[in-house]
Amino acid sequence: LASFNGTVGLNLAAGQNIADLGGNPIPTVEPAADETYVLDNTTAAVTSILRQNPLTSPTNATSVTFRVTFSENVQNVTLADFNVALGGTATGALNAIVPINTSTYDVTVTGVGGTGTLGLGFSAINDIQDLIGNVIPAFRATESWANNIIGSALACVLWGYFLYQGVIDPLGGIW
């Protein structure tokens, strides 16, 4: 049951022949009150972290709000669960968290200034969990993609250049 999600119950099979130690058979019909259990082994996940206010980038706003959406209802969501990812000379600090509902939260960063990138990530010690206690694993996710895209493009271009020059492929071939 460690990987099962859904409702679990125990029912009597048709034609069962269960008896107590004295040989008395149990009734062959289901009891009026059946026990069932709902199992949830799926951890909530972040489905998005998006700019909420202002919606556009770049901005010269001194305050930025990110909307964080989870795949299911969660609890224990506080400012300590997040961090601000800064690049360049950008500045900013976590200021407020406003629950929109139990699966959507607005996180506000104030004192925004400088030049560079500003993103929202998760603290390594976050304790966010779904309503039955499945803890969201620590990770870092931001909406700041510019550096990743530029780095990936540069790596592809340089790799292509080196391959064109006849450099030995570190994976075992010569091009």
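The values are calculated or read from the model by the stated rules, or taken from the named source; none is laboratory data. Keep in mind that what you see is a predicted model, and the values were worked out from it rather than measured. Methodologically, a virtual Cβ is constructed for each residue, glycine included, from the backbone with ideal geometry; neighbour enumeration extends over all protein chains shown. Just so you know, the surface numbers come from the protein's heavy atoms only, side chains and all, with ligands and any DNA or RNA stripped out. Shrake-Rupley method; radii C 1.70, N 1.55, O 1.52, S 1.80 Å.
Observations on the model:
- All conditions in (1) in a loop (DSSP other than H, G, I, E, B); (2) in contact with a strand residue (DSSP E or B) (Cβ under 9 Å, 6 or more places away or on another chain); (3) more than 21 Å from residue 122 (Cα to Cα) hold for residue 8, with the sole exception of (1).
- Top-ranked residue in segment 33-48 [being without any contact (Cβ under 8 Å) to a residue 60 or more places away in the chain and assigned to a loop (DSSP other than H, G, I, E, B); ranked as farthest from residue 119 (Cα to Cα)]: 33
- Selection of segment 101-122 for residues being in contact with a Phe, Trp or Tyr (Cβ under 8 Å, 6 or more places away or on another chain) and of a type in the set (A, V, I, L, M) yields 107, 109, 120.
- Residues of segment 92-131 classified as within 15 Å of the chain's Cα centre (by Cα), among the β-branched types (Val, Ile, Thr) and crowded, with 19+ Cβ neighbours inside 10 Å, total: 1
- Residues that are touching a Gly at 6+ places or on another chain (Cβ under 9 Å), modelled with pLDDT of 90 or more and not basic (Lys, Arg) do not occur anywhere in segment 129-140.
Yes or no, residue by residue, for (1) more than 16 Å from residue 45 (Cα to Cα); (2) touching a residue at least 40 places away in the same chain (Cβ under 8 Å):
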residue	(1), (2)
77	no, yes
83	yes, yes
87	yes, yes
96	yes, no
104	no, no
112	yes, yes
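- Search result, residues across segment 49-85 that are in a strand (DSSP E or B), open to solvent by 30 Å² or more (accessible area, probe 1.4 Å), touching a strand residue (DSSP E or B) at 6+ places or on another chain (Cβ under 6 Å) and more than 18 Å from residue 129 (Cβ to Cβ): 50, 52, 53, 63, 67, 83, 84
- Of residues in segment 1-48 being among the acidic types (Asp, Glu) and open to solvent by less than 100 Å² (accessible area, probe 1.4 Å), the one farthest from residue 128 (Cα to Cα): 20
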